[in-house]
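Worksheet: the structure to be examined is printed underneath.
Each value in this text was obtained by applying a stated rule to the coordinates, not by laboratory testing. Since the structure is predicted, the reported quantities are computational estimates derived from the model, not experimental observations. Neighbour counts run over all protein chains shown; Cβ positions are idealised from the backbone, glycine included.
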Amino acid sequence: MKLLITGGAGFIGSNFILYMLEHHPDYDIINLDKLTYAGNLENLASAGGNPHYSFIRGDIADAKLVDAILDGGVDAVINFAAESHVDRSILEPAAFIKTNVLGTQLLLDRAREKHVGRFIQISTDEVYGSLGATGKFTETTCLHPNSPYSASKASADMIAQAYFETFSMPVMITRTSNNYGPYQFPEKFLPLAVTNLLEDRPVPVYGDGLNVRDWIFVMDNAEAIDLVLHKGKEGEVYNIGAGEERTNKAFIESVLHLMGKPASLITSVKDRPGHDRRYAIDPSKIMDRLGWKPRTVLDRGLQTTIDWYTVNRTWWKRIKSGEYLEYYEKNYAVKGLKGY
Ligand code: NAD
Ligand code: TYD
């Protein structure tokens with residue numbers, strides 16, 4: 001099989017490529033990535049020299065480039081490329097519409113024109129909006145996105161579904177809960193917390209810390225996407241989640257405990273505007289129909305992740321400078337975080 005993976009230099013995309021090179025060593029993988037602030041080819045250093053892997057720097061919205069790649073023969077497109085951080089979408093929404101909506105539509109168009117056999121749109125549980133204290137998102141839950149990020153992802157999902165209905169394009173969508181693991185950009189909650197704690201800096205917790213997220217180890221998500229690629233049914237949506245719901249406060253307390261750091265490093269800051277209260281995924285469809293199950297319990301996944309950031313200091317120290325500092329200042333100064 002020959003796969004075009006977009007956004008493969010980011011967190012989930014790079015973990016997925018490493019997973020596929022290990023589990024399908026005869027597949028050819030082309031990684032198309034624009035290398036925004038979030039893209040990092042160091043994530044794929046271990047794939048360097050593998051004749052089955054190649055990298056092309058470019059935009060999913062570049063029709064000529066995408067056509068040239070697809071003309072080389074591609075069996076499936078897996079679209080990870082996106083602007084992915086909610087707080088950045090609040091500060092500057094335009095890039096989210098450009099890449100997540102228009103970029104996805106362009107990629108769908110080119111894949112349709114070139115008769116690509118499968119197209120997987122990587123989406124998020126955030127398209128469903130916020131839950132109350134009970135219940136879970138199923139694939140038929142109405143879309144109710146609340147942030148510019150989730151609205152852009154919901155738009156892309158709807159366009160992808162329309163391409164299935166209208167053009168019989170072989171599209172599938174995965175909607176996953178919060179991923180964590182190695183190579184996650186330290187703007188996201190867990191790597192931000194771990195890297196701050198490694199330097200005994202405060203961890204900013206938004207609002208009352210009682211927002212709930214449902215955590216999944218990134219390699220469990222990779223395995224689920226692999227199953228959807230091979231066994232998923234065209235036109236279907238698959239929710240992916242590991243049933244590890246935690247309030248942000250409880251989640252960060254586990255991290256402090258595993259790292260042996262004092263609770264005094266937790267710092268409450270001003271809440272994110274429009275902050276979704278609770279996400280929880282019902283993954284029974286992918287479990288029943290495709291035989292997927294999560295393998296990593298949260299505490300073990302957290303330990304693996306903490307160990308990775310502890311050993312790979314040069315990876316994140318390089319990132320936590322330049323552009324990152326500008327963003328950190330912009331997002332956290334207004335939230336009242338002191339001493340960062
Ligand atoms: P990320 O921000 O770490 O990586 C995104 C990658 O896309 C980067 O390498 C970036 O350079 C690339 N990119 C951005 N714009 C591009 C463009 N126009 N053309 C080509 N490449 C471009 O994101 P992530 O956390 O790895 O998320 C990957 C996908 O999974 C996204 O679609 C996201 O919405 C979805 N998702 C993420 C999570 C999560 O917890 N991280 C959960 C559910 C779904
Ligand atoms: P994040 O990693 O940004 O993922 P998402 O918003 O897509 O779920 O945030 C996870 C949760 O952690 C979310 O409820 C917001 C919260 N959070 C903080 O409390 N402090 C932070 O500094 C960040 C980045 C997030």
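Structure above, values below:
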| item | result |
| --- | --- |
| Size descriptor, Kirkwood hydrodynamic radius, that averages inverse alpha-carbon separations across region 121-248, Å | 16.1 |
| Calculated P(r) tail over 17 Å for region 129-185, as whole % of Cα pairs | 52 |
| Nearest-20 debye value, the chain charge dipole, Cβ charges on Lys, Arg, Asp, Glu | 620 |
| The chain: most fluctuating residue of Ile173, Ile306, Ile240 per GNM, C-alpha cutoff 10 Å | Ile306 |
| Cα-based convex hull volume of region 236-318 per residue, rounded to whole Å³ | 169 |
| At R0 = 25 Å, FRET efficiency that the Cβ-Cβ distance of His24 and Ser46 yields, to 0.05 | 0.95 |
| Mean shadow area of region 277-326 over all directions, Cα convex hull, nm² | 6.3 |
| Over region 8-57, volume per residue of the alpha carbon convex hull, in Å³ | 58 |
| Projected label distance in nm at Glu323 and Arg277, using a 7 Å step from Cα toward the beta-carbon | 3.6 |
| Length added when fully stretched, Arg295-Asp67, from 0.36 nm per residue minus Cα-Cα | 78.3 nm |
| Dipole magnitude (debye, nearest 20) for region 245-293, charges at Cβ of Lys, Arg, Asp, Glu | 60 |
| Extension gain, Glu199 back to Thr166 (0.36 nm per residue minus Cα-Cα distance, nm) | 6.6 nm |
| Solution diffusion estimate, µm²/s, Stokes-Einstein, region 199-290, Kirkwood Rh from C-alpha pairs, 20 °C, viscosity 1.002 mPa s | 139 |
| Debye log10 I(q)/I(0) for region 51-189, one point scatterer per Cα, at q = 0.19 Å⁻¹ | -1.20 |
| Most fluctuating residue given options Tyr328, Tyr238, Tyr53, as computed from a GNM of the chain linking Cα atoms under 10 Å | Tyr328 |
| For the chain, calculated [θ]222 nm from helices alone, where every DSSP H run of n ≥ 4 adds -39500 (n - 2.57) | -12000 deg cm²/dmol |
| Length added when fully stretched, His144-Ser254, from 0.36 nm per residue minus Cα-Cα | 36.5 nm |
| Bridge type composition, the chain - antiparallel percent by DSSP, nearest 5 | 10 |
| Viscosity 1.567 mPa s, 4 °C: Kirkwood-radius Stokes-Einstein D of the chain over Cα pairs, µm²/s | 64 |
| Exposed-loop-free span, longest in the chain, where GluC sites (Glu not before Pro) count as exposed if DSSP calls them loop and at most 13 other C-beta atoms lie within 10 Å | 1-198 |
| Region 6-93: radius of gyration and largest Cα-Cα distance (Dmax), Å | 13.5, 43 |
| Highest-fluctuation residue, Ile90, Ile122, Ile281 considered, GNM on the chain with Cα pairs under 10 Å | Ile90 |
| Rg/Rh ratio calculated on Cα atoms of region 63-143 (Kirkwood radius) | 1.07 |
| Residues in region 156-177 that a label on Lys2 would reach, taking backbone N under 20 Å of a point 7 Å out along Cα→Cβ | 170 |
